[in-house]
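Just below is one structure, and these are the notes that go with it.
The values are calculated or read from the model by the stated rules, or taken from the named source; none is laboratory data. Bear in mind the structure is a predicted one, so any value in this text is a computation, not a measurement. Because the Cβ atoms are built from the backbone with ideal geometry, glycine has one as well, and the counts that use them run over all protein chains shown. Heads up: the accessible areas ignore ligands, DNA and RNA and are worked out on the full protein's heavy atoms, side chains in. Shrake-Rupley method; radii C 1.70, N 1.55, O 1.52, S 1.80 Å.
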Amino acid sequence: MTRATVLSGLGTSLPDSVITNAQLAEALDTTDDWILSRTGIQTRHVVDASVTTGKLGLKAAARALSSAGIKQIDAVILATATPDFACPATAPQIASRLGLTGAVAFDLSAVCSGFIYGLSVASGLITSGIVNNVLLIGADTFSQTLDPQDRTTRAIFGDGAGAVVLRAGEISEPGALLAFDLGSDGSQADLLFTPNMPRIAKENMPESYYFHMNGKAVFSQAVTHMTNSVKRVIGKIGWNSSDIHRLVPHQANIRIMAAVADQLDVEPDRVVSNISEVGNTVAASIPLALSHGVKHGQLHAGDNVVLTAFGAGLTWGSVALRWPDISNSSR
Ligand code: UT7
């Protein structure tokens, strides 16, 4: 029997504080109408100075463990672009706070594609027999890297965390990860980048601590790479677009998601989206969207699901899976 990776638990965590478009418009030269019509975003959650990526990730991780009903975990992977410290990685501290001292634990840096990269790395560890299960967390506090005066990035990004438990199982089981596609193009790293890394944003930080984004160039790259990546991943398992029950794209912009779905001939009602409530939460984007899909009855056991993401690096990737029968442990 071929050893496969099976998704078996899901948990999320969002910071309490919510910023509406109207609140942004009080401080910046923007409007609710512009943000909603150009991005699909209405609100985003943001941390206060006491909450780090590690703390948000820890909550989501604990909820994923309880959703999976598993206590012993062999490996903890944290996908993030905003770790608590430049060094060391944040994952070992999350592991020890969960009582998992001794587990393999490391951070993975692929920005908005981090959760998809993480699923692939976790699956490699499991199917090779190195570990029997993995706790994968996607968490970011990107609000802490934004220029307070930048109306574009402040409109888009929010904070959050999502986590899943992955375990060894069989390919025929609901929850089995079926195919992967990953890629990168470092020659375009300058389209989205943060030169230095602050843990907590402070007033009047040097420009080099803020995230920079060429939104227009990123938009078209995101559509092209997510569309092509989905085509490749479904091609590996002989699916056509019509075989996809649910497409769960990285929540970057409602217009990007619509364009990807349109190019793939996936009707809007097959696309899972929570961008209006949470914005772009970077590595947390896909697990938060999965949680939304479960909560709103959009994901059912046995559904053919395709996850796809694109982000800074540039990086992109997709995963095809059969949706498991799992509960959703969220905030
Ligand atoms: O996870 C991957 C990370 N990022 C992305 O995926 C982002 C991809 N890009 C996008 O989502 C879109 O390009 C944006 C939402 C960032 C911008 O939307 P757009 O429709 O591409 O607008 P634009 O960049 O072409 O700008 C149009 C106008 C500009 O003004 P002028 O030059 O025409 O006078 C911008 O300065 O909109 C202006 N603008 C705003 N106006 C009001 C940009 N941000 C705002 C704002 N409020 N928040």
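Given the range 173-304 reduced to its alpha-carbon atoms as identical point scatterers, what log10 I(q)/I(0) does the Debye formula return at q = 0.12, 0.13, 0.18 Å⁻¹?
-0.56, -0.65, -1.11
Would you work out the charge dipole size for the chain about its Cα centre, treating the Cβ of every Lys and Arg as +1 and the Cβ of every Asp and Glu as -1, and quote it to the nearest 20 debye?
Here the size comes out at about 700 debye.
Per residue, what accessible area does the range 24-74 have, given a 1.4 Å probe and all protein chains present, in Å²?
Per-residue value: 49 Å².
Would you mind computing, in nm to one decimal, how far apart the modelled labels at Lys236 and Arg38 are, each placed 7 Å from Cα along Cα→Cβ?
Calculated label separation equals 3.6 nm.
Kirkwood hydrodynamic radius for the range 208-268: how many Å is it when counted over pairs of different Cα atoms?
12.6
Ranked highest first by average number of other Cβ atoms within 10 Å, how do 141-152, 281-292 line up?
281-292, 141-152
What ratio of Cα Rg to 2.2 N^0.38 Å holds for the range 229-331?
1.00
Residues with amide H under 5 Å of Ala176's amide H, sequence separation 5 or more or different chain, H placed in the peptide plane at 1.01 Å from N; which?
Leu7, Arg322
If you look at just the Cα atoms of the chain, how large are its Rg and its Dmax in Å?
Spelled out, the Cα radius of gyration and Dmax of the chain are 18.3, 60 Å.
With a 1.4 Å probe and all protein chains left in place, how much accessible area per residue does the range 177-331 have, in Å²?
Spelled out: the 1.4 Å probe surface of the range 177-331, per residue, equals 40 Å².
Per-residue counts of other Cβ atoms within 10 Å, averaged by peptide: what ranking do you get for 297-307, 61-71, highest first?
Put in order of decreasing packing, that is 61-71, 297-307.
Over the chain, with every protein chain in place, what whole percent of the accessible area is carbon and sulfur at 1.4 Å, could you tell me?
Reported share for carbon and sulfur atoms: 50 percent.
Which of the aspartates and glutamates could a cross-linker bridge to Lys216, judged by Cα under 14 Å and excluding same-chain residues fewer than eight apart?
Leaving aside aspartates and glutamates fewer than 8 places away in the same chain, those within reach of Lys216 are Asp190.
Report the FRET efficiency, 1/(1 + (r/R0)^6), for Thr20 and Asp265, where r is their Cβ-Cβ distance and R0 is 35 Å, rounded to 0.05.
Efficiency computed from Cβ-Cβ geometry: 0.50.
With θ set to phi - 60° and the Karplus curve 6.51 cos²θ - 1.76 cosθ + 1.60, what are the ³J(HN,Hα) couplings of the range 241-257 in order, to the nearest whole Hz, using x for Gly and Pro?
Coupling constants for the range 241-257: 3, 5, 7, 7, 6, 9, 9, 10, x, 3, 8, 9, 6, 4, 6, 5, 4 Hz.
How large is log10 I(q)/I(0) at q = 0.09, 0.15, 0.16, 0.22 Å⁻¹ when the Debye formula is applied to the Cα atoms of the range 37-179, each weighted equally and without solvent?
Log10 of I(q)/I(0), two decimals: -0.29, -0.75, -0.84, -1.34.
Enumerate the calculated ³J(HN,Hα) couplings along the range 139-146 in order (Karplus 6.51 cos²θ - 1.76 cosθ + 1.60, θ = phi - 60°), each rounded to whole Hz, writing x wherever the residue is Gly or Pro.
3J(HN,Hα) across the range 139-146, in whole Hz: 8, 8, 10, 5, 4, 6, 10, 8.
Simple spin-label model, 7 Å along Cα-to-Cβ: Asn196 to Asn214 in nm?
Each label point lies 7 Å from its Cα, and together they span 2.4 nm.
Can you list residues from other chains, or at least 5 along the same chain, whose modelled amide H is less than 5 Å from the amide H of Ser17?
Sorted by chain and number, the residues that satisfy this are Val46.
Return the calculated 222 nm mean residue ellipticity for the chain, to the nearest 500 deg cm²/dmol, obtained by summing -39500 (n - 2.57) across DSSP H runs with n ≥ 4 and dividing by the residue count.
Calculated mean residue ellipticity at 222 nm is -9500 deg cm²/dmol.
Taking amide H atoms as placed 1.01 Å from N in the peptide plane, list the residues 5 or more away in sequence, or in a different chain, whose amide H sits under 5 Å from that of Thr82.
Amide H to amide H, under 5 Å and 5 or more residues apart or across chains, Thr82 pairs with Thr141.
Given the Cα-Cα distance of Glu207 and Lys295 and 0.36 nm per residue of separation, how much length would full extension add, in nm?
Result for the pair: 27.7 nm of gain on full extension.
Please turn the phi angles of the range 87-104 into ³J(HN,Hα) values with the Karplus equation 6.51 cos²θ - 1.76 cosθ + 1.60 (θ = phi - 60°), one per residue in order, whole Hz, x for glycine and proline.
So the J values, rounded to whole Hz, are 7, x, 4, 8, 4, x, 6, 4, 4, 5, 5, 8, x, 10, 4, x, 5, 4.
What whole number of Å gives the distance from the Cα centroid of the range 49-91 to the Cα centroid of the range 1-36?
That distance is 17 Å.
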